[in-house]
Structure formats: structure tokens, C-alpha cells
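S.K.: Below is one structure. I have some questions about it.
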Amino acid sequence: MKEQTGIVQQATDSISLSTNTLQQLHPEKIQESAYKISIWSKQLLENWGIPEGSVNLINLLLQLSIVILFVWVFQWVTQKLITLILKQTNKVEKFKLSSFLIETKFPRYLALTAPLSWIRGSIPVVFEYYPNVITFISKATDLFIVWMLYWLINSILKALAKQLKTSSQYKDKPIDSYFQVIRILLIILAIGATFTVLSGKELSTFFAAMGAASAVMMLIFKDTILGFVASIQVTTNDMVRIGDRVTMPKHNADGNVMQISLNTVKVMNHDKTISTIPTYALISDSFQNWRGMMEAGGRRIKRPISFKQSSFKFVNQEEDLKFYRRIHSISQYVDEKQAVIDKQNQKTGADTSIVINGQSLTNIGLFRKYAEVYLKNHPGVHKKMSIMVRHLEPTEKGLPLEIYCFTNTTVWAEYENIMADIFDHLISAAKYFDLEIFEDLTNE
């Protein structure tokens, strides 16, 4: 704890030193220092015997060299110092943002702010004998300062976005889309400042012109505006989170959401391809989100087995019943069901010598019960969710017997293995009930 406190104190002292250095770079002091350097270099050249007509040009080149050297050295030292401070603060758990600031080149941009101020103040002195160039160089420097401040703020925003993504509270939220909106506003301000520097007019004039061209701006930023509104609706209604599995056939998307930005949603498909969906399509089009299935902990199996209807028959022979009683999972059911049937036939006085006169067990009915019991006893089937074996509508391809249940896992590979295991067994067991699986042989 003491070590961490010492690191923070060291970082604070270093930041204070850097702040004091920047405060000393007042424009008047910068120009005063530049004039002193200019006078010194000019006298030095005159003492060396340089012709008077060449003194001003050589003095200009000399001063430019000094400025460039000073800017490079100051920027290099300051960048190393800021990087060192951030690395030290990164050792404290609460300052993990520091590592992200280094990744987004924050030290580099911050280190350039003071030298740019020095350059801006030195221009009238360095180009004293070239007044026509001063205005151009000054505006170019001002423009560079404007965009340098944009890059500096943008690096902070990128670092904050990365920091929020590491938080469990925000990792599934569309952080990128929110920060993209802020960046767009910053770009507009930077463009406005650029307009002010080039035209010399106030910033309000720029925004007034933008208001007059609002219809054109709305057309240009139509997708951005739609994407921003969609991002808010997606987040507010909790429709999609990063990491959700979504299916959107219209956009050939079936996989996990990787990123939700202002204009696009990236989906990593199961075949490792990436589908890009417009963000507003999540509002305007329909899609399937598998999050409910993942949270429920069970994945549905809904698949039929088609049987030849000609293989269906009544089971009323004692030797057949004796055989089915030997199948443990349905032996009790056979006894109970046959007792009910016998009682009902006696009650109605049915002539059971003709099997259709009364009630009888059927091989498809026994198989259906067998399949149901098998599913309930299978270790991979979720016991608290629906388990059902049902008839579907008969077709020219036989009678489909649908297996409807849920696995107790949502992992795709495990789900496929469980489903294959179930159908391997049931298809193989069908012959013990004298049932035939339908096979389409018309193409052979």
C-alpha cells in the first residue's frame, strides 16, 4: 500500500513539474526569448563576416534549425516523461486507464502542445524580414494546433472506451456508438475552428451557415443519424448485446455479435466469416436473438422420424406382449395399459377374436411410449423443460413421429452429440417394434 502511495505521489510531482513548465511558456515570454535568440544569432553572423545581404536569410535558416531542434528535443523528452508517469500510475489498480492512454498515443499528442505554442509565438520573430509569409505560416500553425487538440481529445476518448469495455457493467453495451457520436461533435467543432482560422470570422458564423445547409447535412449524415437512434433503441430495449448470438438471414448473418458501432453491427458467423449489418436494420428488420436460449440453459431438439404406415400393426398376441414386457422401460406401462384395455373390452362385450372390435395396443404406440421414457431417462435431456413425442400430419413420405425436448447444455458441439445419440438409439430401436423407417428410393 505504501509502495502504491509512493508511486502516485511521484506521478503527481512529475505532473506538477510539467504543468509549471507549460505555464512558463507565455506568448510574451516566448517572443522575448525568440527575439534574444534572433539578435544573438544575427550578431554572431555579422561577427563572422557574413555579407549584410545574406545575413537575414542565413539568420532565418539558423533560427528555423534552432526551432526544429528545440521542438524535437522538447517533444521527445516530454513524451518519454509522460509515458514514464503513465507506466508508473498503471501499477496502481485504480489507474488502469494509463495503459490505454499509452496505446492511443496520448503522450505523443500531449507532448506536442507546448512546442506548438512556442512555434506560434516565434513565427513573427523568425520571419521578421518576410512579413508576407508570417500570415500563411501562422494560419498553418493554428490549423495544426486545432487538429492536434482534436487528436489529443480523441486519444482520451478511445482510452476511455477501451477502459469501459473491460468493465463487466459495460462490456456488452454499444460503447463504440456513443463515443462515435462524441467524435462526430468534436469533428464538427474542429471544422468550425478551421473555418474561423481561415476566414477570420467568428464560430457562430460557421454554425449559422450549417443551419442554413441543415437539409444537405441531414442527407449526408442520414445513416449516422439513423444508426445513432437505432443504437439508443437497441440499448434501451436491451435487444442486442455484444456476445449475443443472432440470426438474420436477410444479411447472411448467423453468429455472435462482435461490435456495435454507430453505423454497423459486426457478427462473427459460425464459419468464421464476418457479416456487417447496418445498425438501423436491427430496428427496421426482424432478427432472431438466441440469448434467451443461452440464459435458460437448454437448447431445443425438434426433429421427426418418418415411419412407413404399412408397418403399423396391433399387438394382441400373448407372445408379442410377453416380448414387450421384457423391455424394462415400458414393461410396467404394458401391464397397466393392457389391464385397462381388457377391462374396457369386457365392459363393452367386444368380440376380441377380431382385433378391431375392441381396443388393442399398437407397435407405433408402444414405440412412442418407449421413446418418451427414453428421453426422460437420458442424461443429456433437460428434465425441467418440455419432453414430448408426438405424431405429425401423415404425408406421402410416411407418418412423422416428432421428438421434442431440450438438451441440458447450450454448447453447440455437445448439443449435436446429444441429439445424434438420441436418434441413433431410437432409429436402431425401431426394428424391435417391427417398425420400418421411411426411405425415399425414387431417385435410385
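S.K.: When residues of the stretch 260-284 are filtered for being at pLDDT 85 or above and in a strand (DSSP E or B), how many remain?
M.R.: Here the count works out to 10.
S.K.: Between a residue in the stretch 141-155 that is without any contact (Cβ under 8 Å) to a residue 60 or more places away in the chain and any residue that is outside any helix (DSSP H, G or I) and basic (Lys, Arg), which pairs come within a Cβ distance under 9 Å, given they are 6 or more apart or on different chains?
M.R.: Short answer, once both residue conditions are applied: TRP151/LYS105; SER155/LYS105.
Residue-by-condition table, conditions (1) under 16 Å from the mean Cα position of the chain (by Cα); (2) free of Cβ contacts under 8 Å to residues at least 40 places away in the same chain:
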position: LEU226; (1), (2): no, no
position: ALA230; (1), (2): yes, no
position: VAL234; (1), (2): yes, no
position: ASP238; (1), (2): yes, yes
position: GLY243; (1), (2): yes, no
position: THR247; (1), (2): yes, no
position: LYS250; (1), (2): no, yes
position: VAL257; (1), (2): yes, yes
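S.K.: Quick check on the stretch 376-392. Is at least one of its residues of a type in the set (Ser, Thr, Tyr) and either at pLDDT below 90 or in contact with a strand residue (DSSP E or B) (Cβ under 6 Å, 6 or more places away or on another chain) (or both)?
M.R.: no
Conditions (1) touching a residue at least 60 places away in the same chain (Cβ under 8 Å); (2) under 54 Å from the mean Cα position of the chain (by Cα), marked per residue:
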{"site": "PHE287", "(1), (2)": "no, yes"}
{"site": "GLY292", "(1), (2)": "no, yes"}
{"site": "GLY298", "(1), (2)": "yes, yes"}
{"site": "ILE327", "(1), (2)": "yes, yes"}
{"site": "ILE330", "(1), (2)": "no, yes"}
{"site": "TYR333", "(1), (2)": "no, yes"}
{"site": "GLY349", "(1), (2)": "no, no"}
{"site": "ILE356", "(1), (2)": "no, no"}
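S.K.: Of all residues in the stretch 300-322, which are out of contact with any helix residue (DSSP H, G or I) (no Cβ under 8 Å at 6 or more places or on another chain) and either among the aromatic types (Phe, Trp, Tyr) or part of a strand (DSSP E or B) (or both)?
M.R.: The answer is LYS302, PRO304, SER306.
S.K.: Within the stretch 395-416, does at least one residue satisfy the condition of being modelled with pLDDT under 95, assigned to a strand (DSSP E or B), out of contact with any Cys (no Cβ under 8 Å at 6 or more places or on another chain) and surrounded by fewer than 16 Cβ atoms within 10 Å (Cβ to Cβ)?
M.R.: yes
S.K.: Kindly indicate the residue of the stretch 417-434 that is aliphatic (A, V, I, L, M) and out of contact with any Lys or Arg (no Cβ under 8 Å at 6 or more places or on another chain) and also surrounded by the fewest Cβ atoms within 10 Å (Cβ to Cβ) among those meeting that condition.
M.R.: Top of the filtered list is ALA420.
S.K.: Is it the case that the stretch 357-369 has a residue that's at pLDDT 90 or above, closer than 21 Å to LYS302 by Cβ and not in a helix (DSSP H, G or I)?
M.R.: So far as the stretch 357-369 goes, no, none of its residues is at pLDDT 90 or above, closer than 21 Å to LYS302 by Cβ and not in a helix (DSSP H, G or I).
The values are calculated or read from the model by the stated rules, or taken from the named source; none is laboratory data. Remember, it's a predicted structure, so these values are computed and weren't measured experimentally. Every residue, glycine among them, receives a Cβ derived from its backbone with ideal geometry; neighbour counts consider all protein chains shown.
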